[in-house]
Each structure stands twice: as structure tokens, then as C-alpha cells.
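Read through the structure below, which is laid out as C-alpha cells, and then see the notes.
Every number here is computed from the coordinates shown, using simple stated rules; none is lab data. Note that the structure is a prediction, hence the values are computed from the model and not measured. Methodologically, a virtual Cβ is constructed for each residue, glycine included, from the backbone with ideal geometry; neighbour enumeration extends over all protein chains shown.
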Amino acid sequence: MNGLLPPNAVAVELFKDAVDPELHPEARLFPEEEATIAKAVERRRHEFITVRVCARRALAGLGFGRVPIVPGEARAPVWPGGVVGSMTHCQGYRACVVAWERDLVSVGIDAEPAGPLPEGVLEAVTLPEERTRLAHLGSVEPGVPWEKLIFSAKEAVYKAWYPLARRWLGFEDARIVFHVDGTFTASLLVPGPVVAGEALAGFEGRWLARDGLVITAIAHPAAG
């Protein structure tokens, strides 16, 4: 994960659950966090707790002690003042990235198992021109799960977009262009929020496909 992010971001990833507070003190939930998952099944509880272990360890890298991280508007995590962050979890993987807002105005990460998308999902989440490019990339780099990567990239775009815009962004509202060097460009097809005095036009991101996972990351720098 760290190879996908700039040095001023702090990332923590785990490949198995860490839910025992005796072994992992960061796993001890605050009352407001516990209330969020009071009715959750065990799998969901493990995801929730472990990704917060990642988050608290990442925040410790910025100098924070244990703080609650609860879902806020549109289920986006609420970070301490002056901090931006993003969390992700999928089977066998949990991760969090945080940074000071003075360095990065927004971040978005997403991880997915590298298997194929369910039938019909690709058409639902991509534009025709994106599918054309994916077909070409598949002929150039057939070992890369491009369809799952574009799904992940659009999730990362939304996570980076929402804290800035505070409104919905559909799959069809951003155009993704992948490059075989591990980068991608996301162009917004709807008016973006004003960031540092300019309308946001899109994001630059990085991607990785390895060990049965695809991971995408966006770290949008602050002006200057």
C-alpha cells in the first residue's frame, strides 16, 4: 500500500483480523463505535474492528492517541480535525490511510479480491469507451484483472470525492483511464467542487494487482 501513496500519507494494512483487545489494544471499541455495530453479524464486526485497528495505528503515525472513528454523513468515517483519511476492507485485507489536510486535501483507497466481476456489473459501472480501453489493455497485459481494477478505481474516486463535494457521484460520472505503469487518471464528467480556488476536474491515482488483490489509491495534494 505505501508504494501507492506519497510520503506524507500514513498507511497501515492487515491481512488477517485483529479483534482481541488483549493482543491489539486498538481493537477496544469506544461506546459510540460499539453502538454502530450492535446488531452486526460476526464477519461485519471483525471487518469493522480490524479496519479501526488499522486506522488507530495510522493516526498514531500522526501523533494521535486512541480516538473513536464512527460513520458520519453517507457512512463516511469522521476523522479528527485537520485529518483526511480513507478505509477499505475485503476478504483477507483491511487498510487505512490518513494524512494532514494541509498536505493532502483528500484521499481514497479501495481493495477488492482479484476475481472476475459478477455478470452484468461491468456494464453497470463503466462507460462504453472505458470498456473499449479495457479490452485493449487486456490484450496488452492479459494477466491484470482490469475489470475488477476499474470497479476498485471508481470506488476510490468516490471516497476521495465525497469529503470534498458532500454529494453523490455515480459510476458514470467519472471516466477512468489506466496506464500500464501503475497509474490511472479519473476525469470528472460532472461539475466538481471548488478546491483551493479552482473547480476540481479529476484525480490522479495509482493501482496494484498482486497476491489475489487489486488495490487503488488516490492522494489529492493540497495547493502549493
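Summary table
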{"item": "Net length gained if the chain between Glu34 and Ala201 were fully extended (0.36 nm per residue, minus Cα distance)", "result": "56.3 nm"}
{"item": "Relative packing of 86-95, 54-63, 124-133, which averages over residues the other C-beta atoms within 10 Å, highest first", "result": "86-95, 54-63, 124-133"}
{"item": "Using distinct alpha-carbon pairs, which all enter the 1/r mean, Kirkwood radius of the chain in Å", "result": "18.0 Å"}
{"item": "Protection proxy ranking of 10-17, 105-112 - average other beta-carbon atoms within 10 Å, highest first", "result": "105-112, 10-17"}
{"item": "Whole-angstrom gap from the stretch 174-204 to the stretch 67-83, using each part's C-alpha centre", "result": "24 Å"}
{"item": "Descending semi-axes in Å of the stretch 110-221, equivalent ellipsoid built from Cα gyration tensor", "result": "24, 14, 13"}
{"item": "Distance in nm between pseudo-label sites at Arg75 and Ala60 (7 Å out along the Cβ direction from Cα)", "result": "2.8 nm"}
{"item": "Nitroxide proxy distance, nm - points 7 Å out along Cα→Cβ at Leu164 and Asp103", "result": "1.8 nm"}
{"item": "Most to least packed among 38-46, 156-164 [average Cβ atoms within 10 Å]", "result": "156-164, 38-46"}
{"item": "For the stretch 1-114, alpha-carbon Rg and Dmax in angstrom", "result": "13.3, 38"}
{"item": "For Ala222, distant residues with modelled amide H under 5 Å away", "result": "Leu104, Val105"}
{"item": "Span per principal axis, largest first, for the Cα atoms of the stretch 174-222 (Å)", "result": "40, 21, 16"}
{"item": "CD proxy at 222 nm, helix term only [per DSSP H run n ≥ 4: -39500 (n - 2.57); per residue of the chain; nearest 500]", "result": "-9000 deg cm²/dmol"}
{"item": "Estimated inter-spin distance, Ala223 and Leu189, nm [label 7 Å along Cα→Cβ]", "result": "2.9 nm"}
